[in-house]
Every structure is written in C-alpha cells, then in structure tokens.
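See below for the structure under consideration.
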Amino acid sequence: MVPGTAPRPAAPMPAQPKKPPHMLVLGTGFVGRYVSERLLAQGWRVSGTCTSAGKKMELELLGMTASVFDATTSNLANLHALQDATHLLISIPPIPGVCMVIVVVHGLTRMNPKSESSKLRYAAEQGWLDLVDELDLSAFILRLGGIYGPGRSALDTIAKRNSSSGRQKLRESKQYTARIHVADIYQAILASMSIKSTRKIYNVVDDDPASRSEVFAFAQSLIGKRYPDLAADSAGSNSQNRIMTAEKRVSNGRLKQELGIRLVHPSYRSGLQSILDSWLAESIISREVSDV
C-alpha cells in the first residue's frame with residue numbers, strides 16, 4: 001500500500017431483488033379468479049387449484065401456476081406451491097366427510113348452526129383456526145353473502161334466459177338475502193392482509209338485503225331501458241311452489257369499523273348498474289375494434 005493513502009473500500013454487494021408475495025388460492029372459482037387476476041396485475045406471484053385440466057389451462061393463460069386438486073382424493077402435501085406461499089386464500093366449500101377446513105374465533109358467542117351446510121362450514125372454521133393456532137399464523141374468516149359480479153348476476157341470468165336452478169328456487173321464498181359484489185370481497189381480502197389477525201370473523205355483505213324477486217325486478221327494469229329485446233320473455237323469479245327457508249340478516253358493522261371498508265357497491269342497485277354499464281362499454285369497444 002502506498003504511504004499516506006487509505007485502503008479502497010470494498011465494492012458493496014448488489015442488492016438481492018425482493019421476491020414478490022405469493023398467494024396460493026385453494027379453490028380458484030369465481031371469487032378466487034377475480035382476486036388472482038388483480039393480484040397478478042399488482043406483481044404478485046399467484047398459484048391456484050382447480051378441478052379439471054380445462055380450468056387449469058385457463059388459469060395458466062392468466063399467468064398463474066395451477067394445479068388440479070380434488071378435495072376428496074388429493075393430498076395438500078403434494079401442492080408444491082404451499083411450500084413458499086406467503087398468503088393463503090381458501091375458498092373450497094366444505095364437503096361432508098372431508099377435512100378441508102377453515103377456522104373459529106376465540107371468545108365468540110356459542111354458535112348453533114341448524115342446516116347441514118351451516119354445520120359443515122362451522123366445523124371447517126373451527127378446524128382452520130385450530131391449525132392456525134398451532135402454527136402461530138394470522139388468519140381471517142370472511143363470511144360472504146350471496147356473491148354476484150360481472151358474468152354472475154341477475155342481469156346475466158335474464159340475458160342468457162336461464163331458468164332458476166334448484167338452489168335459486170330455494171332462495172325465492174326469502175324476504176331478505178344478504179349479497180355482496182365481488183369487488184367488495186376483493187377489497188375485504190386486501191384489507192385483511194394489512195393487519196395482524198385478532199382472530200375475528202367478518203360478515204362480508206352489503207347494506208341492502210333484499211328478496212330475489214326484488215333484485216330481479218330491478219334487473220328487468222335496467223335491461224328493459226337499454227336492451228328491451230333481452231328483457232322480454234326472460235327468466236325471473238317464480239312465485240309458485242316456493243319452499244320456505246331460513247331468513248338471514250347479518251351486520252357488516254365490524255367489516256366497516258375494524259377493516260375500514262367503504263363498500264364500492266353498498267346496494268345491489270349500484271352493483272347491477274355497474275355491470276350493465278360494463279356491457280355498454282364492452283359493446284362500444286367491440287364496435288371500435290371492428291371498425292379498425
């Protein structure tokens with residue numbers, strides 16, 4: 001070393017690129033796909049499970065890593081994405097006799113579900129909470145109202161002239177049905193990822209529970225103004241042979257107060273209007289493209 005000169009500091013090591021968060025969606029259905037598409041657009045890595053090779057190909061075309069998974073026969077240990085996932089979204093419905101579970105919150109008032117489906121969901125919640133307790137992880141349970149959104153709404157049923165399914169007919173006798181637009185489910189999921197879990201359950205529903213017949217009447221009026229041919233002779237609610245089912249009115253107060261959610265669509269009215277507006281926008285874009 002030359003006298004009077006200081007040693008040259010070593011070159012700093014190049015910073016390692018930060019890995020993007022990795023969401024694993026168990027059950028990439030309507031909600032799972034909606035969430036996945038938006039997380040991918042934000043730079044997330046997203047993996048998901050589905051039930052067929054055809055759906056697997058669809059998810060891969062979106063940019064996801066997809067796996068065919070059957071909750072009745074597949075083993076979670078074989079899901080490689082589970083090894084390095086930073087977040088897990090579970091939307092596989094509980095199946096009788098199958099331990100694919102989701103969680104319960106300590107300190108809640110005692111639950112007493114009546115229907116078989118409610119009992120299954122409650123058992124699933126308890127199972128996931130027990131597992132998360134053991135692993136010291138943060139977890140949230142989001143209890144969703146009737147899910148609707150683009151491609152899945154009263155407007156779509158009318159436009160496609162579909163008849164009511166058996167499950168829909170069971171709901172026709174209800175005076176009140178809680179609903180939620182998929183956009184608000186997405187923002188609830190995002191909000192839950194920003195805070196440490198206090199092991200609470202959130203009802204993800206809008207402010208305006210209403211009967212199915214009321215929702216279809218409003219959808220008919222919207223379509224009738226813009227697409228009168230679609231509104232004519234379309235499928236709506238059938239008031240005959242209705243089967244009485246349990247009424248469900250739930251509060252979304254905790255969702256708003258603790259997660260800070262401001263609903264994009266507090267009522268089915270704004271939700272359906274936005275879907276109809278998207279139809280108009282898509283038709284304008286299609287016409288512009290065809291004219292090029």
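The values are calculated or read from the model by the stated rules, or taken from the named source; none is laboratory data. Since the structure is predicted, the reported quantities are computational estimates derived from the model, not experimental observations. FYI the Cβ positions are ideal-geometry reconstructions off the backbone, even for glycines, and counts take in every protein chain you see.
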- Item | Number of positions in region 125-160 that are modelled with pLDDT under 75 and not in a loop (DSSP other than H, G, I, E, B) | 11
- Note on the structure: R45: passes all of (1) more than 21 Å from S197 (Cα to Cα); (2) at pLDDT 90 or above; (3) out of contact with any His (no Cβ under 6 Å at 6 or more places or on another chain) but (3)
- Item | Cross-chain or 6+ apart pairs with Cβ under 6 Å, region 270-282 first and at negative phi, then surrounded by 15 or more Cβ atoms within 10 Å (Cβ to Cβ) and among the small types (G, A, S) | L272/A219; I275/S153
- Name the residues in region 161-178 that are part of a loop (DSSP other than H, G, I, E, B) and either surrounded by 15 or more Cβ atoms within 10 Å (Cβ to Cβ) or at pLDDT 90 or above (or both), would you? S164, E172, S173, K174, A178
- Message: Looking at the structure I just gave you, is P14 at pLDDT below 95 and either among the aliphatic types (A, V, I, L, M) or touching a strand residue (DSSP E or B) at 6+ places or on another chain (Cβ under 9 Å) (or both)?
- Response: no
- Query: Any chance region 204-212 includes a residue that's closer than 16 Å to A154 by Cβ and surrounded by fewer than 17 Cβ atoms within 10 Å (Cβ to Cβ)?
  - Reply: yes
- Query: If you go through region 62-98, how many residues are hydrophobic (A, V, I, L, M, F, W, C) and within 22 Å of K19 (Cα to Cα)?
  - Reply: 9
- Item | Residue count for region 33-71, restricted to those that are in contact (Cβ under 8 Å) with a residue 24 or more places away in the chain, among the small types (G, A, S), under 23 Å from Y148 (Cα atoms) and not in a strand (DSSP E or B) | 1
- Task: With the condition kept exactly as written, say whether any residue in region 74-93 is surrounded by 16 or more Cβ atoms within 10 Å (Cβ to Cβ), out of contact with any strand residue (DSSP E or B) (no Cβ under 7 Å at 6 or more places or on another chain) and of a type outside the set (S, T, N, Q).
- Result: no
- Message: Against the definition (of a type in the set (S, T, N, Q), at pLDDT 90 or above and surrounded by 12 or more Cβ atoms within 10 Å (Cβ to Cβ)), how does S52 come out, yes or no?
- Response: no
